[in-house]
Amino acid sequence: MAGSRAKPQQQREWMRGGSASMRGVLLGLVLERPGHGGDLANRMLMRLGETWRVDTNDAYRLLEQLEGEGLIQSRLEPPKSGGRRAMIVYHPTPTTSQALTMWMETLLPREPVRLGLHAKLAVARAEDAQRLLLALRDYEQKCLALAKLVTPNGGPQASWQALFMDCTREAVYTQLRAEIDWAAAARQRIAEHARRYPPR
Amino acid sequence: MRQLLQISDLGKAYPDGDGRISLFEHAAMEVAEGSHVGVYGRRHSGKSTLLRIAAGIERPDGGSVRFEGVELTTASPARLALLLRSRIAYVSVADWRPNSGESVAQHLALSLGGAGLTVGQAERRALRELDAVGVGGSEANSAACRLSLMDRTRVMLARAFAHTPRLVVVDDPVLTSSLNERDHVYAVLRELARERGIALLVASEDLTALQGFDVFVSISSRELCSSEGNATVVPFPAIARLGGSARDALS
């Protein structure tokens, strides 16, 4: 298998930069079902939700990058019934699944809003569940550790500086609280599902 | 730092119709001597249950709760009562029950009565402790049953610290919508504990209120997750059972 053998450094290139999460989601979607650029962009929007700015042109660009790294493969397919044009349809390659697994295992930046984890949840496979549960707990822990770093309020102070410092602290804590709640709720849902529908 | 309280493999469930609602499974946490541990969790996540178990007031279904080497889960009621009058102070603002007609200072002095003090000594001590939490002379002499919610909190904290315990356990202490008042009460709480080297275990559904604590612990999915990493080392109990159906949960 050519993909698993060569160029480990290059294989990781696609996981760098601001669009890494989008590329990861596209890999997951192609692995689930091959599709053309517009179809994949629509599925990405459906899966990630309106808070993500999914642009069809961006999707085409990212798909080309992924193909350039050998992680997906495009094929020109004849028009389907009723259609006029042939379509470029993206298919997984032998390396796609492995690349997705590598992305799932990648450590993510420590910013409170970890969109990467959100993206991973959107295309997770059954075998990723354990990684995600650990990642969610790890994330919850990191948010708690970040909360510790915020300088505490020293009590009542009547200055403007003290007021805006309090507002800044409130902003940080509100964001961290939302992230902790989300991580906790996601873990609870996965655990409850596993209890209700134990594997045969 | 020496561990004061160690909770391990904690299990707790409540009856619910024919079944049971599980609050904790294999949960673990520690409180080091003199450290301030803040427990964050949403409403009904099990904060109050955890704190009552930590203080020896409620027994868990399984696991171990050790305070200063004493196993609280098997200790006699007399031993637990003695601990709660000396080494552990448990504060729940909902438990405010002053006798009618007594002043704030008298209320606090009465609770100090068992400490071998004369009435005069207990009253002087009560006034000092009230002053430390920001309750001045005129409020100390006012009727205890007419206190505002904030002042009740202050008096209950004064009562908890007056016994010079090693661990103060506080269940969601602030009943106010004022953020400044909330921060003030927490600042007093942290400062008193720091000055006297007393460990704190405080639960709140407001993460911001816990700012400045040494350790943050969150309750989620029947586990305790700690900012210190080593507090929860047990594996997630459902992992081994997850299989093909997990995909449905994630899609």
Fill in: Residue satisfying condition, being of a type outside the set (Asp, Glu) and modelled with pLDDT of 90 or more, within set A:Leu26, A:Leu45
A:Leu26
Discussion item. Given the condition more than 18 Å from B:Ala187 (Cβ to Cβ) and facing chain B (nearest Cβ under 7 Å), answer yes or no: does some residue in segment A:143-150 qualify?
Written reply: yes
Practice prompt. Inspect all residues belonging to segment A:185-200 and state whether any of them is at pLDDT below 75, exposed (fewer than 14 other Cβ atoms within 10 Å of the Cβ), at the interface with chain B (Cβ under 9 Å from one of its Cβ atoms) and part of a helix (DSSP H, G or I).
Written response: yes
Item to complete: From (1) out of contact with any helix residue (DSSP H, G or I) (no Cβ under 9 Å at 6 or more places or on another chain); (2) at pLDDT 90 or above, pick out the condition that doesn't hold for B:Arg196.
Response: (1)
Worksheet, complete the sentence: Checked segment A:162-182 for anything among the aliphatic types (A, V, I, L, M) and within 7 Å of chain B (Cβ to nearest Cβ); matches are A:Leu176, A:Ile180
Worksheet item: Are there any pairs with C-beta distances below 7 angstrom linking a residue in segment B:178-196 that is among the aromatic types (Phe, Trp, Tyr) and assigned to a helix (DSSP H, G or I) to a residue that is at pLDDT 85 or above and crowded, with 19+ Cβ neighbours inside 10 Å, with the two at least 6 apart or on different chains, and if so which?
Response: B:Tyr186/B:Ala209
Worksheet item: Going by the structure shown, is B:Ala160 closer than 23 Å to B:Glu68 by Cα, away from chain A (no Cβ under 14 Å) and outside any strand (DSSP E or B)?
Response: yes
Worksheet item: Given the conditions (1) modelled with pLDDT of 80 or more; (2) more than 28 Å from B:Leu84 (Cβ to Cβ); (3) crowded, with 21+ Cβ neighbours inside 10 Å, which single one is not true for B:Ser218?
Response: (2)
Item to complete: Find the residue count for segment A:48-84, including only residues that are in contact with a strand residue (DSSP E or B) (Cβ under 7 Å, 6 or more places away or on another chain), among the β-branched types (Val, Ile, Thr) and modelled with pLDDT under 95.
Response: 0
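The values are calculated or read from the model by the stated rules, or taken from the named source; none is laboratory data. Computed from a prediction, not measured in an experiment: that's the story for all the values here. No Cβ is skipped: glycine too gets one built from the backbone with ideal geometry, and neighbour counts run over all protein chains shown.
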